[in-house]
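Following: one structure in C-alpha cells, then a few remarks.
The values are calculated or read from the model by the stated rules, or taken from the named source; none is laboratory data. What you see is a predicted model, and the numbers here were worked out from it, not measured in a lab. Glycine gets a Cβ as well: all are built from the backbone with ideal geometry, and neighbour counts include every protein chain shown.
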Amino acid sequence: MTYRSEALAARLEQGARDLADFTAGLTDADWQQRISHDGRKVGVVVHHVASMYPIEIELAQKLAAGESVTGVTWDDVRAINAAHAKQNDAVTKAEALDLLVRNSRAAAAAIRKLSDAELDTAAPLSLNADAPLTCQFMLEDHAVRHSWHHLAILKRTVAAARDGVLARVG
C-alpha cells in the first residue's frame, strides 16, 4: 500500500459511508422516491452504486496492468443501468446497504493493493474516446466519485419530495 492508494481507498470508503449514513435514515417513502432525470428509485440507485464497484475496480485494474479497455460504451453503461433498475426495483434498504458495505470494502481493499506505478499506468479507455487514461483517473472518475455523485442527487431528490409534500400539506 502506498500513500496514494491509501488516500484513494479512504476517499472511496468515506463516500460509501456518507451514502450509507444518509440513506439509512430515509423513510420507506423516501426510499421509493423516483429521481426526476432518470426515473430510478432512490433505493435502486444505492444498490446500483454498490453493484458497480466490482466492475469499476476491474476496469481500473486492467488499466493498471497496461491493458486497454475496449468495447465499453456509454450506451452499454445506460443499458446496464436500465437492466439493473428493472431487476432491482424492489430492493430493500437492508439488502442495498449490506451490498454497499461489502462491495465498498472489497473495492477499497483492491485499491490499497495498487502501487504508485500501477496508479500511473495509462492505457486506452473506450468510455473516454480511447484516450490513454491512468488507473488513478479511472478510479477517481468512477469508483471513488460514484457514491459522492449519486449522494448529491439523492439528497436533492429527497429534499424536493419532502418540500413538495410540505407545500401540499401546508
Residues in the stretch 73-104 that are of a type in the set (Ser, Thr, Tyr) and exposed (fewer than 12 other Cβ atoms within 10 Å of the Cβ) total 1
Pull out all pairs, ordered by first then second residue, where Cβ-Cβ is under 9 Å, the residues are six or more apart or on different chains, the first lies in the stretch 1-13 and is under 11 Å from Val144 (Cβ atoms) and in contact (Cβ under 8 Å) with a residue 40 or more places away in the chain, and the second is hydroxyl-bearing (Ser, Thr, Tyr) and surrounded by 13 or more Cβ atoms within 10 Å (Cβ to Cβ). Leu12/Tyr53; Leu12/Ser104; Leu12/Ser147; Glu13/Ser104
Scanning the stretch 83-102 for residues that are under 15 Å from the mean Cα position of the chain (by Cα) and either over 18 Å from Arg40 (Cβ atoms) or among the hydrophobic types (A, V, I, L, M, F, W, C) (or both) gives Ala85, Ala96, Leu97, Asp98, Leu99, Leu100, Val101, Arg102
Name the residue, out of Ala79, Ala90, Ala60, that is more than 19 Å from Thr157 (Cβ to Cβ), out of contact with any Asp or Glu (no Cβ under 8 Å at 6 or more places or on another chain) and without any contact (Cβ under 8 Å) to a residue 24 or more places away in the chain. Ala79
The stretch 59-71 - residue that is among the aliphatic types (A, V, I, L, M) and closer than 16 Å to Ala143 by Cα and, of those, surrounded by the fewest Cβ atoms within 10 Å (Cβ to Cβ): Val69
Filtered residue count, the stretch 34-53, keeping only those that are assigned to a loop (DSSP other than H, G, I, E, B), at negative phi and not hydrophobic (A, V, I, L, M, F, W, C): 4
Taking first residues from the stretch 100-129 that are within 20 Å of Ala50 (Cβ to Cβ) and second residues anywhere that are among the polar types (S, T, N, Q), the pairs with Cβ under 6 Å that are 6 or more apart or on different chains are Ile111/Ser5; Arg112/Ser5
Out of Leu154, Leu127, Leu119, which single residue is among the hydrophobic types (A, V, I, L, M, F, W, C), closer than 13 Å to Leu19 by Cα and surrounded by 14 or more Cβ atoms within 10 Å (Cβ to Cβ)? Leu154
Filtered residue count, the stretch 14-33, keeping only those that are more than 17 Å from the chain's Cα centre (by Cα), free of Cβ contacts under 8 Å to residues at least 12 places away in the same chain and surrounded by 14 or more Cβ atoms within 10 Å (Cβ to Cβ): 1
Residues of the stretch 126-170 being at pLDDT 95 or above and of a type in the set (Asp, Glu), in sequence order, are Asp130, Glu140, Asp141
